[in-house]
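Asks: Take a look at the following structure, please.
Just so it is clear, none of the values below were taken in a lab; they were calculated from the coordinates. This structure is a prediction, so every number in the text was calculated from the model and none was measured. Neighbour counts are summed over all protein chains in view; Cβ atoms, including those assigned to glycine, are modelled from backbone coordinates with ideal geometry.
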Amino acid sequence: MKRTGNTILITGGGSGIGEALAHRFHDLGNTVIIAGRRQDALDKAIEGRADMHAVTLDVEDPAAIAAFAKTVIDRFPALNVLINNAGIMRRETVDTARDLADAEAMITTNVLGPIRLIDAMVDHLVARPDSVIVNVTSGLSFVPLIVAPTYSATKAAVHSYTVSLREVLKGKVEVIELAPPGVQTELTPGQATRPGYQPLEGFADEVLALFDAQPTPAEILVQRVRPLRFAERDQQVETLLAKVNAAANPE
């Protein structure tokens, strides 16, 4: 992925990881479009920044995704980078029957959302030079959080989908996976100040440094997530399962 001269669309760009990356890519001289449900958050994220734009998007609605993709491509025909970052995480208790609305919402947003948006934009991206798709997954793709089993499973699904997508689009669109560790954001209550999680600004700085590598790695892995990514290879899944879940649920 080239460092500058891109027109980049980032979903979930109004807060957290999406906003931090949007600002850094914009600081490099890229045109950046952020998308999300809350117009007020989007407006705040782009405030005072020329060539940074906000467009609302409901990733749960297939028709809205198709209309959004057409609108964005029409407004920004130079668009060449799609970063699928939008996601939701909800805790679940799975040892008794429950309302599955939360599980279904996570699958719709975290899995079907990126698949539908890629589908709506792939013909445009294939036709553009220097085109890139970045799918944001999680270290929980490889070592799950047991109180968030559906969330962890959705990220594992997007990891697998990204591997296939990379092969299918080889030579046409560069496909990159960004797998964060636990980062101090507002993804879940209390997470923004949770000890042991990586501070957001430090995470974003490390990610941008990894994007500097030429060629860009197929997987963007900050140091804190590498043990999770390679847990199975290193036969550390059981050990890290206990560690990850203790960090997420401090006494």
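Asks: Amide H neighbours of VAL183 under 5 Å, at least 5 residues apart or on other chains, H built in the peptide plane: list them.
Replies: The answer is GLN198.
Asks: Using the Karplus curve 6.51 cos²θ - 1.76 cosθ + 1.60 with θ = phi - 60°, work out ³J(HN,Hα) for each residue of the stretch 25-40 in order, rounded to whole Hz, and write x for Gly and Pro.
Replies: 5, 5, 4, 7, x, 8, 7, 10, 10, 10, 10, x, 7, 9, 4, 5
Asks: Arrange the peptides 176-186, 83-93 so that the one whose residues have, on average, the most other Cβ atoms within 10 Å appears first.
Replies: Final packing ranking: 176-186, 83-93.
Asks: Can you find, among PRO144, ILE83, THR108, the residue sitting farthest towards the positive end of the charge dipole of the chain, where Lys and Arg contribute +1 and Asp and Glu -1 at Cβ?
Replies: ILE83
Asks: Another question, then. For a quick size check, give me the Cα extents of the stretch 197-251 along its three principal axes, largest first, whole Å.
Replies: 39, 27, 10
Asks: Moving on. What does the charge add up to near ALA101, with Lys and Arg as +1, Asp and Glu as -1, over the other residues with Cβ less than 14 Å from its Cβ?
Replies: Computed value for this residue: -2.
Asks: Scan around ASN6 for amide H atoms under 5 Å from its own, H built in the peptide plane at 1.01 Å from N, and keep only partners 5 or more places away or cross-chain.
Replies: THR31
Asks: Now for a separate question. Between the DSSP loop rule and a limit of at most 16 other Cβ atoms within 10 Å, which trypsin sites (Lys or Arg not before Pro) in the stretch 165-206 are left?
Replies: LYS170, LYS172
Asks: Label LEU112 and ASN249 with points 7 Å out from Cα along Cα→Cβ: what is the distance between them in nm?
Replies: 2.9
Asks: Of the options ILE17, LEU42, MET1, report the single residue whose Cα projects farthest towards the positive end of the charge dipole of the stretch 1-54 (beta-carbon charges: Lys, Arg +1; Asp, Glu -1).
Replies: MET1
Asks: Ranked by Cβ crowding within 10 angstrom, fewest neighbours first, how are VAL81, VAL122 ordered? Show your work: numbers first, answer last.
Replies: On the way: VAL81 26, VAL122 19.
Taking fewest neighbouring Cβ atoms as first place, the list is VAL122, VAL81.
Asks: Related question: Using the Cα centre of the stretch 7-248 as the reference point, and only Cβ charges (+1 on K/R, -1 on D/E), how large is the resulting charge dipole? Debye, rounded to the nearest 20.
Replies: Roughly 220 debye, rounded to the nearest 20.
Asks: Output the relative contact order of the stretch 145-251, whole-number percent, from Cα pairs under 8 angstrom with separation of 6+ residues.
Replies: Values: 82 pairs, mean separation 26.4, N = 107.
Answer for the stretch 145-251 is 25 percent.
Asks: So, in nm, how far is label THR4 from label PHE230 when the simple model puts each one 7 Å beyond its Cα toward the Cβ?
Replies: Label-label distance for THR4 and PHE230, simple model: 3.4 nm.
Asks: Could you order peptides 207-219, 32-44 by the average number of other Cβ atoms within 10 Å of their residues, highest first?
Replies: Values: 207-219: 13.8, 32-44: 19.0.
Peptide ranking by packing, descending: 32-44, 207-219.
Asks: Right, something else. PRE reach from VAL147 (point 7 Å along Cα→Cβ): which of the stretch 207-242 fall under 16 Å by backbone N?
Replies: Inside the label zone: 241-242.
Asks: Just to check I understand the Karplus step: with θ = phi - 60° and J = 6.51 cos²θ - 1.76 cosθ + 1.60, what whole-Hz values come out for the stretch 84-101, glycine and proline as x?
Replies: 7, 10, 4, x, 10, 9, 10, 6, 9, 10, 10, 8, 8, 4, 8, 6, 8, 4
Asks: For GLU47 and THR239, what does the FRET efficiency come to when R0 = 35 Å and r is the distance between their Cβ atoms, rounded to the nearest 0.05?
Replies: Plugging the Cβ-Cβ distance into 1/(1 + (r/R0)^6) gives 0.20.
Asks: Can you give me the relative contact order of the chain as a percent, contacts being Cα pairs under 8 Å and 6 or more apart?
Replies: 18
Asks: ³J(HN,Hα) across the stretch 207-214 via Karplus (A = 6.51, B = -1.76, C = 1.60, θ = phi - 60°), whole Hz, x for Gly/Pro?
Replies: Rounded to whole hertz, the list is 4, 5, 5, 5, 5, 5, 4, 10.
Asks: Let's test the formula: R0 of 45 Å, r as the Cβ-Cβ distance of LEU210 and LYS70. What FRET efficiency results, to the nearest 0.05?
Replies: For LEU210 and LYS70, the calculated efficiency is 0.90.
Asks: Express in whole angstrom the spacing between the alpha-carbon centres of the stretch 95-116 and the stretch 1-68.
Replies: Going from one Cα centre to the other spans 24 Å.
Asks: Please determine, in degrees from 0 to 90 and to the nearest 10, the orientation of helix 113-127 with respect to the longest principal axis defined by the Cα atoms of the chain, where the helix direction is its Cα long axis.
Replies: 30
Asks: Please determine, in degrees from 0 to 90 and to the nearest 10, the orientation of helix 149-168 with respect to the longest principal axis defined by the Cα atoms of the chain, where the helix direction is its Cα long axis.
Replies: Approximately 40 degrees, to the nearest ten.
Asks: Here's another thing I want to ask about it. Show me 95-105, 19-29 ranked by packing, highest mean number of other Cβ atoms within 10 Å first.
Replies: Descending packing order for the listed peptides: 19-29, 95-105.
Asks: ILE220's amide H: which non-local residues (gap 5+, or another chain) put their own amide H closer than 5 Å, with H modeled 1.01 Å from N in plane and none for Pro or chain starts?
Replies: GLU177, LEU178, ALA179
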